[in-house]
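First comes the structure, then the notes that go with it.
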Amino acid sequence: MTTQLARPVEEEATYSHEREEWRPGPPLLGLATGWIALFAWSGMVAQPLTFLIPTAMVGLVMVLCGSGLRMLHLPVYVTPFVEALVGLLGLNLIFAARDSFLGLVPTVHSMREVFYVIGNGAETLNAYAAPVTVNPTHTRAFLMACGLGVLWAIDVLAFAVRRPPLVALPLLVTLSVPVSILNNALALPVFVGTALLFMRLLAVEHVDKMWSWGGRRGRTRPRLGVLWQVSVAAVLIALVVAPLVPVADLLNRDRGGLGDGNGTGGQFELTTVNPFIRLRRDLVAQTHTPLVYATTDATETGYLRTTVLDQFRDDEWRPSSRDLPSDNTADGPFPNPPGLGPGIGGTTNHWKLQFAPDFGTTWLPLPYPIRSLSVKGSWRYDSRTLDVAYVGGSAPSQLSYEATSFTPDITAKVLDSAGPAPSKVRRSMTALPDNLPPVVNERAVEVTRGATTDFQKAIKLQDWFRRDGGFRYSLDQRSGSGMDLLAAFITTDRVGYCEQFAAAMAAMGRALNIPSRVVVGFLHGESQPDGRIVYTSDDRHAWPEMYFGGVGWVRFEPTPGSRAGATPAWTRQSINAADPSAAPSRTTSPSRAPDVPTSSIDTQSGNDGGSSIPWWPFAGLGLVVLVGVGPGVLRRAQRRRRLGAVDPVHLAEGAWAELHATALDLGLDWPEQRSPREQARSVVGQVSGAQPEAVASLEGLLVQVERGRYGRTTSDTLVTEVEPEVRSRTVETVDSWRRAMLGTVDRERGWRGRLWPVSLLRGSLLHRRR
């Protein structure tokens, strides 16, 4: 039988020719690699799946179109262009279908809308602290556009220009987002998944070359298990060895101390005295020493800020570690203030400032917030607090610098209706020390009883310190220290200066779960006959700031008016009064926060303000996915049904029909009108290197088919149940010959046979018994 089913030698040459086939497998691998990497962006928004899932669906259509076009041997630039067009069409369908022709064809208006929401999403992400909860439609559009750009770059680099190693570039940019923007560590599952898929992507081209050398006849495909083993080993080695690699501190040099705070920023050690010590010393001394001179076109001079104390730990408020990388040079434009929402209008003013001859500090006095700064020297800003520190050594003297300030239009109505702070801000900015006296929380709850919003609670706290609580301003040294002094200040003593008032209100704000911090700087200053404003040692001051969603950090003034003067304007307005300034102004300075109407700013609930994503683009993409994988699923179900026959005759016919279907799916020859023996000989002739045992198993199945078709069949034969040994042997024979047939064709034809089996269109392959 082995010789009867052997392949004629003269037929071997006819199978050496290879054709260009559709090959979707590797592009889908590239898609999976980039999509897993995009999970690194999950921390940027509150609901990351709202952009990850649409990105995957549009990306799937994009890479499948690209892989199909590459079959046509078009110029190399055509496929990337078409893929980019497909991605743009996907964005248009999701975000601008209402402005499209027939809801499908892009128009000038629809494309303008697409670019508008993408740009607005970028502005929103830049204006708010992560995870961003406002404007989810716009942030989703921006992240989806960036994600599609990553997937497009991977597909072009790996398969259009055929340089898979270059895929590391977009992956590196994608994975660096948690570290460089979110200040978080990269999630381990994201790194491991991306690394494994990337290494598999690198192996695709090399495996294909090995597989094609000398033709595929007589060769076995390289085992993918070995590739995965090597990939896993490489990733494990990277995880173990990377922490052991020493990193040089290129910026480690003696810089002296910073004058008003402490903490570690980037690679700079900022170790100095607590800023409250200098503040107390200057206020008690009452020397009225000029420290800073300023000129400005602002109608109200406002406070100057030097240092933010955002950590409440042990017995004191202190600056947190500062991140001062070289990219955060203070000489130039500044980022938007954390939390300041799109559509909040305001005014800009120009400031010129100069240190007095006897004044030196490494925390730069500035109005808050600012849009830009012009200053010489190694000044850098922290992205979270926007205070500016000197990292070049000892404090400079008689420094001159200029700044452009931005005064947002903040009203009581806006603050009272503000949304909650992002979870990351609320978690860190409401942290309290373990030794905080319980009376702080008890008194905070008592004072704010009846208030329903964070802003109303803040106003009650401010009024309690300034008016209702019986507090008195004094620079006299009080007995006690730390938490005992804080408890005494809000219960029995009620005498202190700005440090106690600011620290106590911020602590009580945190006890009420309102993000709070303390700021150190200068009061308004005094106008001089020459038009300059002088800030003296007597003007040193401290005040609390509280965070409100869509507005950011807002100043309050609990220190009594005999020292600090009037409270901020927004704390003196009626919440229910109709205030036109509460609406965003389109005529204010062009340097205002991102230009989005406040009515479109979404709250924590994720309401899109009436805009919705049309469902039919997703239905269309789902249909594409169904067409892509549905036939393969049906084909596997058909195989299980055929090999699940209960009697020997139908089991043999089902197994033979499965071999017939496999030959059709793979494009192999199967003589339809010939006998089963001729069909078996044709299969053996097309499979190279068939072992005698395999040929013998096929012979056994052939005998069962011939008996069922040409032998005498009785009713007892059709009702006889198949023995387990016979079924197992039949299934093993079918599986082994399916694998052998699959090994005779190239990878493209194999994938096509799996995904789109043509045998499903040929009807039933079961032959009637003769």
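The values are calculated or read from the model by the stated rules, or taken from the named source; none is laboratory data. Just so you know, these numbers come straight off a predicted model, no measurement behind them. We place every Cβ from the backbone using ideal geometry, glycine too, and count neighbours over all the protein chains shown. For accessibility, only protein heavy atoms count, side chains too; no ligands or nucleic acids. Shrake-Rupley method; radii C 1.70, N 1.55, O 1.52, S 1.80 Å.
Here are some notes:
- Annotation: lysines with alpha-carbon distance below 16 angstrom to residue 376 (same-chain offsets under eight excluded): 352.
- The listed residues 524, 73, 650, 138 rank as 73, 650, 524, 138 when sorted by accessible area, largest first, using a 1.4 Å probe.
- Residues 540, 449, 466, 163 ordered from highest to lowest accessible area at a 1.4 Å probe: 449, 163, 466, 540.
- Backbone HN-Hα couplings from phi across segment 441-446 [Karplus 6.51/-1.76/1.60, Hz, Gly and Pro as x]: 5, 4, 5, 4, 5, 5
- Evaluated at q = 0.11, 0.13, 0.14, 0.20 Å⁻¹: base-10 log I(q)/I(0), Debye formula over Cα of segment 472-563: -0.38, -0.51, -0.58, -1.00
- Potential extension, residue 672-residue 107 segment - 0.36 nm per residue separation minus Cα distance: 198.1 nm
- Förster radius 60 Å - calculated FRET efficiency between residue 287 and residue 161 (Cβ-Cβ, nearest 0.05): 0.30
- Cβ-Cβ FRET estimate between residue 439 and residue 314, R0 fixed at 22 Å, reported to 0.05: 0.75
- FRET efficiency for residue 451 and residue 569, using Cβ-Cβ distance with R0 set to 25 Å, rounded to 0.05: 0.80
- Burial ranking of peptide ranges 359-367, 105-113 (average Cβ count within 10 Å, highest at the top): 359-367, 105-113
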